[in-house]
Structures are given as C-alpha cells and as structure tokens.
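To start, the structure itself, in structure tokens.
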Amino acid sequence: MAQTETTQPQRQSLRFLWLYALAVAGGAVSYVPFLTLLLPLRAQDMAGEGAIDLLAYIAFAGAISASLGNIAFGWASDRTGTRRPWIFAGLALSFALLVSVPTAQDTVPLIVLIIGWQFGLNMMLGPLAAWAGDVVPDEQKGFLGGLLSFAPALGAASGALVTIPGLASPDERLWLVAGLVAAMVLPVLLLGQPRAMPQLMTSEAEAAPKPRRFKRSAVSRMWLARLLVQIAEAALFAYLLIWFTGIDPSFTDNDTARIFAIVLVLSVPAALLAGRWSDRHDRPILPLALGAGIGAVGLVLMALSGDLRGAIAGYVVFGLSTSVFLALHSSQTLRVLPRPETRGRDLGLFNLTNTVPSLIMPWLTLSLVPVFGFAGLFLVLAVLTALATGLLLTMPRSN
C-alpha cells in the first residue's frame, strides 16, 4: 500500500494540458479584441476628438487595476488553497461587466466600469496562471509553454471574427466576446480533472535535503529579462505602423495587421518545437536566451534597414523569436518560484512585466526618436534584449 502511494504519476494528462491552454487562450480573447478594437470604437463614438485622451486615461487606470488585481487574487487563491472558485468568480464578474459596457453613457462611468472589469478579469487570470504551477511538472513545462503560444494568435483571430461586417452590432459584439471566453474557459474548470502532483506543492523547507534546481537570484533574473523584452515588444506594438509608413507611405494598417498575424501563426509551431526540445534535453532556459538574443539581432536589422523589405524581414525575426520567448517564459517561470504557498502572489508580481512596459515605453520613445530617429530607438531596444540574453545565459543553478 505504501508503495502504491509513492508511485504518483509524474506527467500531467495531455487532456488537461490542452484544455488549460484553451482556457489561457480564452483569457487572451477576453481582452485583445475589446481593448484593441471594440473599446477604441466606443470611445470614439462617446468622446469624438477626445477619444485619444479618454483611451489614455483608461489605459493608465486599467494597467494599475490589472496589476493590483492580479497580485491580490493570486494571493487570495494562495491563502484559500484553491484556484477554481476564483477562476469561476472572475469569469462570471468579467462577463457581467463586459456586457454592461453599453450602460456607461459618459466617460467617468466608463472608466469606473473598465476598472471593475479589469479586477474581475484578473480574478480569473491570476489563479489560472498559478494553477499550472500546481499541477504541471517540470518535465512538461516546455510543452506547456508551446501550447500557450496559441493564446495571442487566437486573441488576434477573435478580433477579426467579432468584427466581421454584418455579423453583430457593436453591443452584440461584447456578448459574442464574452460568450467565446466562457466557452474556452469553462471546459477546463468542468472537465479538466488534473492529476494531483503533490511534489509541486512541497515547500522549500519540506523539500530538504533535495537541492533547489535554481538559486534565488534566478527569480529576479527571470523577472528582469522578461521586463526588458516586454519593453521592446510594447514599443514595436505601438509604433510599428508609424515606422513602416515612414519608410513607405503606401503601407497600410491592414498590411501591418497581416504581418502581425503571420508572425503569430509561425510562432505556434516554433514554440511547440522549442518547448519539446527543452523538455527532452532538460535545458529550460536556453530557448529563452536564444529567443531574446535572436530578437536583439532582429532589432539591429531593423535599425540598419534602408527599405521596406529589410524592415519587414527584421521585424519578422524579432517578432517570431520574442513570441517564442514570451510563451516559454510564462511556463518556465514556474520552475524558479521558490514557494508553492505563494505561487499566485509571485506570479502576480511577474505580471508587472506585462504592465510596467506600457508606462516606460512612451518616455523612452519620446526621448530617443526626435533626436536619433527610429534607428536609435531600435538599437537601444536591441541592447535591452541583449542584456536579457546575458541574464539568462549566466543564470546560476544549485546543481
């Protein structure tokens, strides 16, 4: 009997991994089409020429509430020792607030509603991220990272779906988005049934004398490396179209969207292959370092490009490599967090690397582009991503 209890399954079921990846993609669907398409259109109808200012206020308030909510609800799920009820509650609250957006007829109510929606959304996303750390062993974290690369691609695809002309009115689009999110998140909550992984819930003190795989400094290195790459990502996301049209005025927003889509589609098999390789060879950090390093090369190519073809090629190199980096980083971060009892809170702190760049990037751009042009900006971003590569390549291990 004792022997039976010690032979715990060491690998999580593929069924749960795929359902979990679908739920994470549902998280992307919950905010990508709304924040990039539906909310700007609503702000324009509401504020007219003041839409830019309104969206700036919403972005700032939303980033703050998302950051605080992710940390708070990750911590709450740690304290209660369970993730699913928080994910259920966050899904229900974010659903209700999203479809309530049409009731906000003025700017202040809209901002308040978005703040509440961000709290509800991160009540779902924070515990959902921590759940993977509870049940996915290290031997499958690379594969999990590859599956997570579907999330941004499906987030972008959902925006194209809900805005098909004649499919739905502006208010109905909100219901369509909310319905898609529920359809993608509920299966893992109702049908996931992950295998228990008690070894993943063992605290550092209880794990002794087994040595930790990574030293404590690995946590700060992983955090800083992602922040540096995300600053470059945020800058490219915000200013890529402006840069392309500066090279070729005939280049359109639709052309930029197609390039984004191509990069996202290509990143899925690349991340799956890189994740599988890292699992098979027990090299979890090397693909991250390579992703950041190749991203730096892409930025240098962009800085040196003199025509549109070279500019596009440089961006594809950057976008593909950093998309793989970000997908795998999300899963491999779970390796280095030292305390399972604070996993949700700690992942909330890592989530700051997704929100803080939006506060840093505008000042960096305004200080560099007027003086040195976009080439100067890209070279500085290349240095930042190269620093991320160095942090990861020199990450110390305990064994």
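Each value in this text was obtained by applying a stated rule to the coordinates, not by laboratory testing. Just so it is clear, the model here is predicted, and its values are computed rather than measured. All Cβ positions, even for glycine, are placed from backbone atoms using ideal geometry, and neighbour counts span all protein chains on display.
Taking the chain as a Gaussian network, where each spring joins two C-alpha atoms under 10 Å apart, which residue of 157, 129, 296 fluctuates the most?
For the chain, modelled as a Gaussian network with Cα springs under 10 Å, the answer is 157.
Quick check on packing: order 144-154, 317-327 by the mean number of other C-beta atoms within 10 Å, highest mean leading.
On the way: 144-154: 24.4, 317-327: 25.9.
Packing proxy ranking, top to bottom: 317-327, 144-154.
Would you look at the GNM of the chain, springs on alpha carbons closer than 10 Å, and say which of 382, 76, 56 moves the most?
56
So if each residue of separation counts as 0.36 nm, and I subtract the Cα-Cα distance between residue 76 and residue 164, what length gain in nm does that give? Don't skip to the end; give the middle numbers.
Working: separation 88, 0.36 × 88 = 31.68 nm, distance 3.91 nm.
That works out to 27.8 nm of additional length.
In whole angstrom, and with the biggest value first, how far do the Cα coordinates of the chain range along each principal axis?
Projected onto the principal axes, the Cα atoms of the chain cover 71, 49, 31 Å.
Three principal axis extents, largest first, for the C-alpha atoms of segment 1-135, in Å?
Dimensions of segment 1-135 along the principal axes of its Cα atoms: 71, 27, 21 Å.
So if I place +1 on the C-beta of Lys and Arg and -1 on the C-beta of Asp and Glu, and nothing else carries charge, what would the dipole magnitude of segment 11-201 be about its Cα centre? I want it in debye, nearest 20. Write out the running numbers ahead of the final one.
Details: 9 positive and 10 negative charges, 149 e Å.
In total the dipole reaches around 720 debye.
How far apart, in nm, are two points set 7 Å out from the Cα along the Cα-to-Cβ line at residue 238 and at residue 255?
2.4 nm
Subtracting the Cα-Cα distance from 0.36 nm times the residue separation, let me have the gained length for residue 359 to residue 372 in nm, one decimal. Intermediate results must be reported in sequence, preceding the final value.
Working: separation 13, 0.36 × 13 = 4.68 nm, distance 2.11 nm.
Taking residue 359 through residue 372 to full extension adds about 2.6 nm, to one decimal.
For segment 274-291, in order, what is each residue's ³J(HN,Hα) by Karplus, 6.51 cos²θ - 1.76 cosθ + 1.60 with θ = phi - 60°, in whole Hz (x at glycine and Pro)?
Values, residue by residue: 5, x, 4, 4, 5, 5, 5, 9, 6, 10, x, 8, 4, x, 5, 4, 5, x Hz.
Per residue of segment 332-348, in order, report the coupling 6.51 cos²θ - 1.76 cosθ + 1.60 (Karplus, θ = phi - 60°) as ³J(HN,Hα) in whole Hz, putting x for Gly and Pro.
In residue order, the calculated couplings are 6, 4, 4, 5, 9, 5, x, 10, x, 6, 10, 4, x, 4, 5, 5, x Hz.
With a cut-off of 8 Å between alpha carbons and a minimum separation of six or more residues, what is the relative contact order of the chain in percent? Intermediate values should be presented prior to the final figure.
Details: 585 pairs, mean separation 109.1, N = 399.
Once divided by the residue count of the chain, the mean separation gives 27 percent.
Please give the contour-minus-distance gain from residue 308 to residue 195: 0.36 nm per residue of separation, less the Cα-Cα distance, rounded to one decimal in nm. Walk me through the intermediate numbers first.
On the way: separation 113, 0.36 × 113 = 40.68 nm, distance 5.05 nm.
Full extension of this stretch gives 35.6 nm more.
Hey, if you put +1 on the Cβ of every Lys and Arg and -1 on every Asp and Glu Cβ in segment 8-156, which of 18, 114, 31 ends up farthest toward the positive end of that dipole?
So the residue furthest toward the plus end is 18.
Just to be sure I understand the model, the point goes 7 Å from the Cα along the line to the Cβ. What's the resulting residue 41 to residue 57 distance in nm?
Reported label-point gap for residue 41 and residue 57 is 2.3 nm.
Looking only at 182, 104, 218, which one moves most when the chain is put into a Gaussian network model with springs between Cα atoms under 10 Å?
Result for the chain, Cα springs under 10 Å: 104 fluctuates most.
Expressed as a whole number of Å, what is the distance separating the alpha-carbon centroids of segment 162-186 and segment 295-321?
A separation of 35 Å, based on Cα centres.
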